[in-house]
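Read the structure below first, then the notes.
The values are calculated or read from the model by the stated rules, or taken from the named source; none is laboratory data. Keep in mind it's a predicted model, so treat the numbers as computed, not measured. Cβ coordinates were reconstructed from backbone atoms using ideal geometry, including for glycine residues, and neighbour counts include every protein chain displayed.
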Amino acid sequence: MKVLRGHWQLMVITGAVLLLWFTPAIIPLKILIVFFHELSHAIAAWMTGGSVESISLSPQQGGLTVTRGGSVFALMSAGYLGSLLIGVLVFLVAVRSHADRALMGLLGAVMLLVAALFIREWFALAFTVGTGVVMLASARFMPQDVNDLALRVIGLTSMIYVPMDIFSDTIARSGLPSDAYMMADRFGGATVMWGGLWLLVSLVVIGLCLRYGLGRHSNITRSNFPETPAT
């Protein structure tokens, strides 16, 4: 009962996301997680001495990052796990800090910067610029608790989407040309081996996040936020 009272809002959000999972309402969130996936490939390239040529997204929740140089092992591993890490960090900032508006603004600025430098296809450009503008507007004009709620939804969606995507792409349909398929082709082993390893790591990360990141309660209340003096 204490868990239910302390975290009932997160349970409601999770239930709503799962209930709407196969409806068009969740598609923008799924594409946002795909953006995180492709951004993670790009970050891995930069961190290992490579460069990024282009990033693309599709309405079918697909994505592609074209890179030059860098560590192939890091690049292939970064997609699923990097997008999960971004989602976990977004979630933890929402539930454990008051930096929601700052993070929302940072995410919006990153999306606009990526769009300007690396995206050329119309759908990907429209989605990335549109989402970036909405995030910046939310950070500037929406109350703290609205930004907090939005970040919780993004973080929880990432924690749901990534393990499901790993299982679907690398285990249930191991013949697809996924990151795990390319890892197996380049470094040996089977696609399901790499997918299974990433799935295990993702579940451990999610478990640690929920066990140690939530605290005794996570519900949004007016007492979570400082009062704004009247002028």
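Kindly indicate whether any position in the range 47-56 is surrounded by fewer than 16 Cβ atoms within 10 Å (Cβ to Cβ) and assigned to a helix (DSSP H, G or I).
Yes.
Filter the range 142-173 down to the residues that are assigned to a helix (DSSP H, G or I), within 18 Å of A99 (Cβ to Cβ), more than 12 Å from the chain's Cα centre (by Cα) and not hydrophobic (A, V, I, L, M, F, W, C) and list them by number.
Once the filter is applied, which keeps residues that are assigned to a helix (DSSP H, G or I), within 18 Å of A99 (Cβ to Cβ), more than 12 Å from the chain's Cα centre (by Cα) and not hydrophobic (A, V, I, L, M, F, W, C), the range 142-173 yields Q144, D145, N147, D148.
How many of the residues making up the range 174-190 are assigned to a helix (DSSP H, G or I), more than 14 Å from Y80 (Cα to Cα) and either among the aliphatic types (A, V, I, L, M) or in contact with a Ser or Thr (Cβ under 7 Å, 6 or more places away or on another chain) (or both)?
First, pick out the residues of the range 174-190 that are assigned to a helix (DSSP H, G or I): 179-187.
With the extra rule that they be more than 14 Å from Y80 (Cα to Cα), the set shrinks to 184-187.
Now restrict to residues that are either among the aliphatic types (A, V, I, L, M) or in contact with a Ser or Thr (Cβ under 7 Å, 6 or more places away or on another chain) (or both): 184.
Count: 1.
List every residue pair whose Cβ atoms sit under 7 Å apart, with the two residues 6 or more apart in sequence or on different chains, where the first one lies in the range 68-88 and is surrounded by fewer than 21 Cβ atoms within 10 Å (Cβ to Cβ) and the second, anywhere, is among the basic types (K, R) and at pLDDT below 95.
Partner pairs satisfying both residue conditions: V72/R186.
Can you run down the residue pairs with Cβ atoms below 8 Å, 6 or more apart or on separate chains, where the first is in the range 110-136 and in contact (Cβ under 8 Å) with a residue 24 or more places away in the chain and acidic (D, E) and the partner is crowded, with 20+ Cβ neighbours inside 10 Å and not in a helix (DSSP H, G or I)?
Qualifying pairs under 8 Å: E121/L57.
Can you tell which of L199, L113 is surrounded by fewer than 13 Cβ atoms within 10 Å (Cβ to Cβ) and under 18 Å from the mean Cα position of the chain (by Cα)? Write out each step before concluding.
On the way: L199 fails: surrounded by fewer than 13 Cβ atoms within 10 Å (Cβ to Cβ).
After applying the criteria, what remains is L113.
Please go through the range 154-177 and pick out each residue that is charged (D, E, K, R) and more than 16 Å from V88 (Cβ to Cβ).
If the condition is that a residue be charged (D, E, K, R) and more than 16 Å from V88 (Cβ to Cβ), then D169, R173 are the ones that fit.
May I ask you to list the residues in the range 10-53 that are more than 30 Å from L75 (Cβ to Cβ) and in contact (Cβ under 8 Å) with a residue 40 or more places away in the chain?
Of everything in the range 10-53, those that are more than 30 Å from L75 (Cβ to Cβ) and in contact (Cβ under 8 Å) with a residue 40 or more places away in the chain turn out to be L10, I13, T14, L18.
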